[in-house]
Every structure is written in C-alpha cells, then in structure tokens.
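Laboratory data are not the source of any read-out in this text; all were calculated from the coordinates shown. Keep in mind the model is a prediction, meaning the values are calculated, not measured. Here Cβ is always computed from backbone atoms with ideal geometry, including for glycine, and neighbour counts include all displayed protein chains.
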Amino acid sequence: MIDPKSAGLTLKQLADLHHMTAEELLNILNDPAPKAIGFSGRYNFADALEIEIARQMSDKAGVPLNEAFRLSMYTMAVQSFLSHRSVTSGSLVDFWFAVAASRNTWGSAPRGMWPVTGFGAREYWAEMHYTGSLVVIMEEITQSIGRDQAHYPDSDPARIVMCNISAADRRLRKRAAELVIELDCAPSIP
C-alpha cells in the first residue's frame, strides 16, 4: 500500500524538473495571481504540467507568467488534455488550447464588476476558450469570429493566444526521464 503522504513530487523534485531552485519555484507558487497549484507539500503530474505550460507561454518575451497561468486555468487546459489523452491513447495529433479575445464597446447598461480596460471605460474584452487539435480549434475560432461579426458588428477580434500542451507534456516527460524523476501519470503518447 502506498502512503499518500509520500506520493507525488516534493518541492525540490518539482523545482529540479523545471530547472529552477526551490526558492524560484516558491516565488511562482506564492504569487497572489490565480492559483493553479495547491500547497499540499506534494505535487502531481498535473501540477508540474500546469507550471510547464505557463513557463512555455511566458518564456522568450511571451505573455506574463501570471497571465499564462490565468489563461491555462481559464481553458482548463491540463484537465482537458489529461481527459483527452486517457480517451485517445496513441493519438498522433497534438492537443492545444487557445484563448481568442475581442474588443467591444460598453453599452448603456451598468458596468458592475466588469473591469475597465487600458483603452478606457467604453471598451471591454470578451474571451472565448478552446481546446483540441490545432485544426479543430482554428475551425471553432473562425466560426466564432464569423458569428460575432454577424451578431455583434461592434465586436473586433483582436488577439489569439495559443499553447501546445502536447509539446509541454513531451518536454516535461523527457526532463523527468533525464533526471530520473518518476511522474504519477499515464504512459506517454508518441
């Protein structure tokens, strides 16, 4: 029987897996941004993958790390990927997530808690999230933009942020194998 207290990765193993020090990793985990990672003292593959995705999105002048975590959590990217992978083992198609955002003009209704953008109180962002193969999500984004243009002519598609979760998964597994760190996850998919 496995002792649940000893299951999973320690903070040091998680830090090593991401080529960071424990202090650097704690700075990420202690950030007041939306929390993707729990503080149980032990971490699982989903936690490690969430960090890998956020770092993949933020490295080399990408999106800020806090925003990368928010986007990944907003799309439920890790949960979607793990569910997809368990159903489609052997799939050769990479799994992606995307967030498409449109700029809109605020009408006469009370604003409530809707945040003001950097463009001023008359504008707001609307976001849609997508997960799946690149072909599927590009088709869904294209259809969504078309519907918005037809139904909301003042909605302007403005940006799409995408991330290849399969690439993050492969890199994480490769690094774990090199460091001889056992991950608590399903077998890899080529």
Original post:
Counting only the backbone N, which residues of segment 99-136 are under 19 Å from the spot 7 Å out from the Cα of residue 93 toward its beta-carbon?
Top reply: 99, 129-136
Original post:
At a Förster radius of 30 Å, what calculated FRET efficiency corresponds to the Cβ-Cβ distance of residue 135 and residue 159, to the nearest 0.05?
Top reply: 0.90
Subject >> Under-5 Å amide H pairs with residue 106, H placed in peptide plane, nonlocal only >> reply: 123, 124
Subject >> Integer Hz, Karplus 6.51/-1.76/1.60 couplings in order for segment 61-72, x for Gly and Pro >> reply: 6, x, 6, x, 4, 4, 5, 4, 4, 4, 5, 5
Subject >> Surrounding net charge for residue 116, when Lys and Arg each add one and Asp and Glu each subtract one, Cβ distance under 12 Å >> reply: +1
Original post:
What ranking do 150-160, 52-62, 110-120 get when scored by the average of other Cβ atoms within 10 Å per residue, highest first?
Top reply: 52-62, 150-160, 110-120
Subject >> Contact order normalised by residue count of segment 83-165, Cα under 8 Å, 6+ apart, percent >> reply: 45
Original post:
Want the number for residue 152 to residue 106: 0.36 nm per residue separation, take away the alpha-carbon distance, what's left?
Top reply: 15.4 nm
**OP:** Compute the signed sum of charges (Lys and Arg +1, Asp and Glu -1) over the other residues within less than 14 Å, Cβ to Cβ, of residue 100.
**Re:** -2
Subject >> Computed P(r) (all Cα pairs; segment 83-165; 10 Å bins; percent) >> reply: 16, 39, 27, 14, 5, 0
Subject >> Extended-chain gain in nm, criterion 0.36 nm per residue less alpha-carbon gap, residue 167 and residue 119 >> reply: 13.8 nm
